[in-house]
1. Kindly provide the set of residues from segment 201-243 that are outside any loop (DSSP other than H, G, I, E, B), closer than 21 Å to residue 138 by Cα and of a type outside the set (A, V, I, L, M, F, W, C), ordered by number.
2. Just one of (1) surrounded by 18 or more Cβ atoms within 10 Å (Cβ to Cβ); (2) assigned to a strand (DSSP E or B) trips up residue 77, so point out which.
3. From (1) basic (Lys, Arg); (2) within 25 Å of residue 215 (Cα to Cα); (3) crowded, with 19+ Cβ neighbours inside 10 Å, pick out the condition that doesn't hold for residue 107.
4. Among (1) closer than 21 Å to residue 193 by Cα; (2) more than 16 Å from the chain's Cα centre (by Cα), where does residue 80 come up short?
5. I need the full set of residues from segment 174-203 which are touching a residue at least 24 places away in the same chain (Cβ under 8 Å), farther than 20 Å from residue 271 by Cα and over 16 Å from the mean Cα position of the chain (by Cα), in order please.
6. Evaluate the following for residue 307: is it modelled with pLDDT under 75 and part of a strand (DSSP E or B)?
7. Let me spell it out: the conditions are (1) farther than 23 Å from residue 190 by Cβ; (2) touching a residue at least 24 places away in the same chain (Cβ under 8 Å), and residue 125 meets all of them except one. Which number is the exception?
8. What pairs come out if I take residues in segment 247-263 that are within 24 Å of residue 287 (Cβ to Cβ) and pair them with residues that are of a type in the set (Ser, Thr, Tyr) and in a strand (DSSP E or B) whose C-beta lies under 6 Å away, six or more apart or interchain?
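The values are calculated or read from the model by the stated rules, or taken from the named source; none is laboratory data. Everything quoted here is computed from the prediction, not taken from an experiment. Virtual Cβ from ideal backbone geometry, glycine too; neighbours counted across all protein chains shown.
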Amino acid sequence: WLGWVCMSASRKSVTLTLLDDGASEGHRFGINALASTCASAWGSSRELFTGGRDGSVRCWREPEGGGVPRLRFTVDEHTDWVNDLALLTDGDLTSAVVSASSDRTIKLWRPEGETGTPSKCYTLRQHTDFVKVLGYAADAGTLASAGCDCCVVVWDVARLAPRVVIGGSEGARAHGDSIYALAVKLDGGLIATGAVDATLRLWDPRAQAAAVGSLVGHTDVVRGIAISADGGCLVSCSSDRSVKLWSIGQRRVQAELRPHSDSVFCIDVDESCSRVLYGGRDGLVLDDSFAAHASPPPPPPPPRGVCQVGAPALRL
């Protein structure tokens, strides 16, 4: 057995984690985060990264032509749940992996050599509570994070230091409650956040992190956000069981999907936000589309089931 002890003065708790050194290749507890790459700077092609409640990030090689992925390496740098993952890019290649954790840190590491195992892991510290979500704009190289301290941090990846902090003080928090969802426009000019307070807020990180608007319409926790490539629209999902398409310019809902009988936890969209994948607490993942905005609008086609898992679908 291997183990570590984590002590938290702010939470007045002591956590003892024991690891079975002879355990199987899979995570010891549930998986919170997924990220995949088609090509990487360390010489590999298709790889899947998973972040788990055991505090580890694992890299899986996807065999050419299909088959069961095989574990390539494991990074055990966090002392609490890994909540989200982001892949940084250098041109068309994935160059680094970023993980966010309930241990209040963000880790950045670059796989190296034939095995891909990182020689050094960098720690980014700014958050004072669980870091729940990451967002990355590849065109601008902008990395953002948010969590239960109700603030958003925009990071300078080259310096490994905060560039902008939104809501860093008690009187000027980004949201009134924990932030569970975040997305960054491709050019880095817009950040959208969603929180337990059921609101979505829009920020311009280039203008001293100015708030540029709010989107009000959900009635429960906002769980996921995606922004279209042109920044004209946004899709959000929530524990109120809905998936909403918003006009960012008009600040209103344009269309809504409500096929789930329980919370919708995750979404993924195409560049125009017309097609959407979403999964929920019921374990069902659906492939759907928003009806065209004609007058009158045509009836939307029924959603197509992609898969059914035996637990809540947390990430796509």
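1. Once the filter is applied, which keeps residues that are outside any loop (DSSP other than H, G, I, E, B), closer than 21 Å to residue 138 by Cα and of a type outside the set (A, V, I, L, M, F, W, C), segment 201-243 yields 204, 224, 236.
2. It is condition (2) that residue 77 fails.
3. Result: residue 107 passes all but (2).
4. (1)
5. Within segment 174-203, 174, 175, 176, 177, 198, 199, 201, 203 qualify.
6. For residue 307, the condition - modelled with pLDDT under 75 and part of a strand (DSSP E or B) - is met.
7. (2)
8. Sorted first by the residue in segment 247-263, then by its partner, the pairs are 254/247.
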